[in-house]
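Below is one structure, written out as structure tokens; the observations come after it.
Every read-out reported here was derived from the displayed coordinates using simple, explicitly stated rules and does not represent laboratory data. Predicted model only: the values in this text are computed from it and were never measured. All Cβ positions, even for glycine, are placed from backbone atoms using ideal geometry, and neighbour counts span all protein chains on display.
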Amino acid sequence: MASMLCASIYGVSSIKTEGAIIYILGESYLRSKQYGKNHYASSYVPTLWHKTGKIQKERCVMMSSPHHNLEHVYKVNNGGFTCQETQRRYDIVKATSKHSFEYGPQFQDTKSISEAVKNEFDIFYRFIRPYTAIPAAMAVTSVSLLAIQKLSDLSPIFFIGWFKLLVASFFMNVFHCGFNQMCDIEIDKINKPHLPLASGEWSYTKSVIVVASSLFLCFFLAWIEGSWPLFWGFLAAATLTAVYSVDLPLMRWKKSALLAATNIISNAALVGPLGYYFHMQTRVFNRPATFPRPLIFCVAILSLYFLVVSLFKDIPDTEGDKEYGVQSLSVILGRKRVFWICISLLQMAYGGTILAGAASPFLWSKLATGLGHGILALTVWYRSKSVDLKSNDSIQSFYKFIWKLISVELFLIPLFR
């Protein structure tokens, strides 16, 4: 009974030690049998039972000092062994016991490291605002496809150039989102307390390192490619981001509704698409710079979308903007009016796009543009009816829905010809 109790306490380590002791007993039994071959076998059984019971009692003492009592167990059972054999077997059992005791902490350390890495990834995921990163990646793809003039252009050269551009644009998006959060920590504590800097999950120093590294990598990749359109596009985008966010004289354009809209449209609808398109046209395909009809359509429709984004993003931030003196249109006109202005602008954009698509010389372009934007117009109208303007969560959900609309639009843009 005492042996069973001790085994349940020791777990794996005790089982391994018991196995080693049974091995020793077995070998001791063989040696003893040979040693006492002139004796009756029955005379040995009580001796073996006596020794086994003595060992079981010794195992219960091991709870207080396992390594010391292992030596004692060997001393009890070393009959028939030489000193060197006893020491060698003791070293084996000691090493096995030590390994079994250390397994638990090692497993726990591995698990804690895995959880720490997962937590850091989650923080970085929220830091880069993924609902903006995905449309940014789609914008690169959409504008790159505008440079395709014939099917033979879909070659390895195109895909390699597209992938490099995708990586560079990802780092620029990290810079945009991170830099804006670094300049708005106090406001975000009121409006967006879940963000890593506002919640204190990330330090300001770590954010500076991530943002500065991302900006450096943008320019480094543009320099490696030898692409001046991409280099100047990144420089203009970084400058506009700084002008929008930094609280210095003649800067911090986000305080004014008109200047904020101008900044966002210039950055997202002009500088980005034009830089990406001319990079693919001149650097990847080695063609002269042109300004075709699909590119004009792309700039026009994206300008309307990002005008809506610049107005709508301030609707859930009204409380914090009032406290810090930011005169957004939502503060001036109220949430409800700005919301329906945004819905009206989207419907106007879809109506104009359907008319522009109807003028295309290609039937497939007419159908894709007209049918696609007709579905989007109905979806926006239906979705807008369910928004609760008194709930920031409901408004924020619709704001993310607008970014999904932009993603769909970026899929439709290359179909306009």
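Which of His194, His373, His176 comes first, and how do the rest follow, when ranked by fewest Cβ neighbours within 10 Å? Display every interim value, and only then the final one.
Values: His194 9, His373 24, His176 27.
Arranged by neighbour count, lowest to highest, His194, His373, His176 become His194, His373, His176.
Multiply the residue gap between Leu151 and Glu115 by 0.36 nm, knock off their C-alpha separation, and tell me the result in nm, one decimal place.
Working: separation 36, 0.36 × 36 = 12.96 nm, distance 4.71 nm.
Difference between extended and current length: 8.3 nm.
Using 0.36 nm per residue of separation minus the Cα-Cα distance, give me the extension gain between Ser199 and Lys390 in nm, one decimal.
Here the segment from Ser199 to Lys390 would lengthen by 66.4 nm.
Determine, for Glu115, Glu120, the number of other Cβ atoms within 10 Å of each Cβ, and report the residues in order from fewest to most. Mind dumping the intermediate values first?
Values: Glu115 10, Glu120 13.
Ordered from fewest to most neighbouring Cβ atoms within 10 Å, Glu115, Glu120 come out as Glu115, Glu120.
Cα gyration tensor of the range 118-265, axes a ≥ b ≥ c as square roots of the eigenvalues: rounded (a/c below 1.5), prolate (a/b > b/c) or oblate?
Prolate, because a/c is 1.5 or more and a/b exceeds b/c.
Determine the alpha carbon to alpha carbon distance for each of Lys322/Lys404; Lys118/Lys400; Lys189/Lys313; Lys189/Lys336; Lys118/Lys206 and list only those over 19 Å.
Exceeds cut-off: Lys322/Lys404; Lys118/Lys400; Lys189/Lys336.
Rounded if a/c is under 1.5, else prolate if a/b beats b/c, else oblate: with a ≥ b ≥ c from the C-alpha gyration tensor eigenvalues square-rooted, which is the range 128-415?
Because a/c hits 1.5 or more and a/b fails to exceed b/c, the range 128-415 counts as oblate.
Say each of Ile296 and Thr132 gets a label point 7 Å from the Cα, pointing the same way as Cα to Cβ; how far apart are those two points in nm?
Those two pseudo-labels are separated by 3.1 nm.
Which trypsin sites (Lys or Arg not before Pro) does the range 118-209 hold that lie in a coil by DSSP with at most 13 other beta carbons within 10 Å?
Hits after loop and neighbour filter: Lys150.
Figure the gain on full extension for Ser256 and Glu319 (residue separation times 0.36 nm, minus the Cα-Cα span) and round it to one decimal in nm.
On the way: separation 63, 0.36 × 63 = 22.68 nm, distance 1.59 nm.
Difference between extended and current length: 21.1 nm.
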